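Q: Please read through the structure below; I'll follow up with questions.
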Amino acid sequence: MLGMWKSNAPDEFVCIKFDMEISEGSSLSDVASSTTNSSGRRQNSAEVKEGQSFSMCKRLVQMMQGNIWISLSPLGFAQGMTLVLRFQIHPSYGRAVFSPGTSSEQPNSNPQFRGLHVILADDDHVNRMVTKKLLEKLGCEVTAVSSGSECLSALSSAENSFILVVLDLQMPEMDGFEVATRIRKFRSRNWPLIVAVTASAEDNVWERCLRMGMNGVIRKPVLLQGMADELQRVLQRAREQF
Amino acid sequence: MDSVVQLQRQLVDYTVQLFNEGFLDDQFNQLQQLQDESNPDFVVEVVTLFFEDSERLLDELAKALEQQSVDYTKIDAHVHQLKGSSSSIGAQRVQKVCIGFRNFCEERNIEGCQKCLHQVKREYSLVKTKLETLFKLERKVLAAGGSIPWPM
């Protein structure tokens, strides 16, 4: 049974409660065991001995600012377990992006990607400046770098906030494909998301990008609407896969 | 002293002319769209950066073509960069010459390359002058208390 309610904290956290029922036949010997004293009197729940693995779970849960406890039947046997976890609510770029009807609005009058932390890698000054401004116009927080290696180090030092990488494919030192390969080696398939930017009009660029583990492609010259559309598509797909 | 309206009319006419003659394309409109109160000089800043970068690239190109043994890969890389940045700001005629330039690089055609360099220098010089005139007109409009009517 799953329940959810908002805590008293102002809009920052949500608590989720898991209620688990323990059926008669199952054994909870590794979770908890109740002891009776020699006179056969019932013990209260405070004296239920907790098994070692349960203690570990409890410790972990408490570190996550939640709680876990066993509920007892009238006879003093464990009949259920309750787990409460507290999650911090992240900026809702997700909600804004997926609500219908945003495409009809001007992208620059409605920053749909507020809070999206983007790393932009492009070796050309002018392109970098223009694309950065474009992303900022869409509400993104942009870290702009001028090479593949700078991109990789920016990623490794970034906080664990949601990240998308916008990558120019044709960079001299380390091209976009190599950067993407390296990113995918050490990270999961969908974090960070990678969007390639290319001047190439070849058909197989998209395929090649996908094979390298990228999530989207934008053709140059980069336009506000084009970027907004592709970011939206990429975020939508990522959401579907979770 | 021209009135605000007259200055604005001049600005609009001049801008339309630049578009009609192919000096600027829609990408320039994109830049204007990106400009806002938080960054009121964005277009001038980007274009100034373009001028600096382009002049450096044109110097490099001239040097590279004068070498005994011409490094076409290097030349192609420079032209690619120039093509990219001119495209980003909407300098259409410069971009077009770059496309032809790259073809000659691929063919390792030294004469073709030299001809293109000459052409791209000319187109760059033209668009630079025109943009500087455009910005001057904009400043006049603003100084007279008017606003820039964009898009045109």
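The values are calculated or read from the model by the stated rules, or taken from the named source; none is laboratory data. Please read these numbers as outputs of a predicted model, since none were measured by experiment. Please note: Cβ atoms are built from the backbone with ideal geometry, for glycine as well, and neighbour counts cover all protein chains shown.
Q: Check segment A:220-229 and report whether any residue there is modelled with pLDDT of 85 or more, surrounded by fewer than 16 Cβ atoms within 10 Å (Cβ to Cβ) and touching a Ser or Thr at 6+ places or on another chain (Cβ under 8 Å).
A: Checked against the condition, which is being modelled with pLDDT of 85 or more, surrounded by fewer than 16 Cβ atoms within 10 Å (Cβ to Cβ) and touching a Ser or Thr at 6+ places or on another chain (Cβ under 8 Å), segment A:220-229 yields at least one hit.
Yes or no, residue by residue, for (1) free of Cβ contacts under 8 Å to residues at least 60 places away in the same chain; (2) part of a loop (DSSP other than H, G, I, E, B):
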{"site": "A:Arg182", "(1), (2)": "yes, no"}
{"site": "A:Ser188", "(1), (2)": "yes, yes"}
{"site": "A:Ala196", "(1), (2)": "yes, no"}
{"site": "A:Val222", "(1), (2)": "no, yes"}
{"site": "A:Asp229", "(1), (2)": "no, no"}
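Q: Restricting the search to segment B:56-68, which residues are part of a helix (DSSP H, G or I), out of contact with any helix residue (DSSP H, G or I) (no Cβ under 6 Å at 6 or more places or on another chain) and without any contact (Cβ under 8 Å) to a residue 40 or more places away in the chain?
A: Of everything in segment B:56-68, those that are part of a helix (DSSP H, G or I), out of contact with any helix residue (DSSP H, G or I) (no Cβ under 6 Å at 6 or more places or on another chain) and without any contact (Cβ under 8 Å) to a residue 40 or more places away in the chain turn out to be B:Arg56, B:Asp59, B:Lys63, B:Glu66.
Q: Could you run through segment B:32-56 and say how many residues are facing another protein chain (nearest Cβ under 7 Å), of a type in the set (A, V, I, L, M, F, W, C), closer than 18 Å to B:Gly84 by Cα and surrounded by fewer than 21 Cβ atoms within 10 Å (Cβ to Cβ)?
A: Going through segment B:32-56 one residue at a time, the tally reaches 1.
Q: Among the residues of segment B:57-82, which ones are hydroxyl-bearing (Ser, Thr, Tyr) and surrounded by 13 or more Cβ atoms within 10 Å (Cβ to Cβ)? Outline the logic, then answer.
A: Step one: list which residues in segment B:57-82 are hydroxyl-bearing (Ser, Thr, Tyr), which gives B:69, B:72-73.
Once the filter is applied, which keeps residues that are hydroxyl-bearing (Ser, Thr, Tyr) and surrounded by 13 or more Cβ atoms within 10 Å (Cβ to Cβ), segment B:57-82 yields only B:Tyr72.
Q: Taking the options B:Ala77, B:Ala62, name whichever one is modelled with pLDDT of 95 or more and either more than 17 Å from A:Asn127 (Cβ to Cβ) or more than 17 Å from the chain's Cα centre (by Cα) (or both).
A: That would be B:Ala62, the only listed residue that is modelled with pLDDT of 95 or more and either more than 17 Å from A:Asn127 (Cβ to Cβ) or more than 17 Å from the chain's Cα centre (by Cα) (or both).
Q: Only one residue in B:Asp2, B:Asp71, B:Asp13 is of a type outside the set (Phe, Trp, Tyr), in contact with a helix residue (DSSP H, G or I) (Cβ under 8 Å, 6 or more places away or on another chain), more than 11 Å from chain A (Cβ to nearest Cβ) and free of Cβ contacts under 8 Å to residues at least 12 places away in the same chain. Which one?
A: Details: B:Asp2 fails: free of Cβ contacts under 8 Å to residues at least 12 places away in the same chain; B:Asp13 fails: in contact with a helix residue (DSSP H, G or I) (Cβ under 8 Å, 6 or more places away or on another chain).
Among B:Asp2, B:Asp71, B:Asp13, only B:Asp71 is of a type outside the set (Phe, Trp, Tyr), in contact with a helix residue (DSSP H, G or I) (Cβ under 8 Å, 6 or more places away or on another chain), more than 11 Å from chain A (Cβ to nearest Cβ) and free of Cβ contacts under 8 Å to residues at least 12 places away in the same chain.
Q: Can you confirm whether segment B:80-98 contains a residue that is over 28 Å from A:Arg219 (Cα atoms) and either at pLDDT below 95 or polar (S, T, N, Q) (or both)?
A: Pass one, segment B:80-98, residues over 28 Å from A:Arg219 (Cα atoms): none.
No, because not a single residue in segment B:80-98 is over 28 Å from A:Arg219 (Cα atoms) and either at pLDDT below 95 or polar (S, T, N, Q) (or both).
Q: Being closer than 19 Å to B:Arg122 by Cβ and within 14 Å of chain A (Cβ to nearest Cβ) is the filter; apply it to segment B:16-31 and report the residue that is farthest from the chain's Cα centre (by Cα).
A: B:Asp25
Q: Would you please list the contacts, defined by Cβ atoms under 9 Å and residues six or more apart or on different chains, that run from a residue in segment A:114-126 that is free of Cβ contacts under 8 Å to residues at least 40 places away in the same chain to a residue that is surrounded by fewer than 22 Cβ atoms within 10 Å (Cβ to Cβ) and of a type in the set (S, T, N, Q)?
A: A:Arg114/A:Ser92; A:His125/A:Ser146
Q: Could I ask something else about it? Residue check: is B:Leu117 surrounded by 19 or more Cβ atoms within 10 Å (Cβ to Cβ) and away from chain A (no Cβ under 11 Å)? Even if it seems obvious, please write down each step before you answer.
A: Numbers: surrounded by 19 or more Cβ atoms within 10 Å (Cβ to Cβ): yes; away from chain A (no Cβ under 11 Å): yes.
Yes, satisfied.
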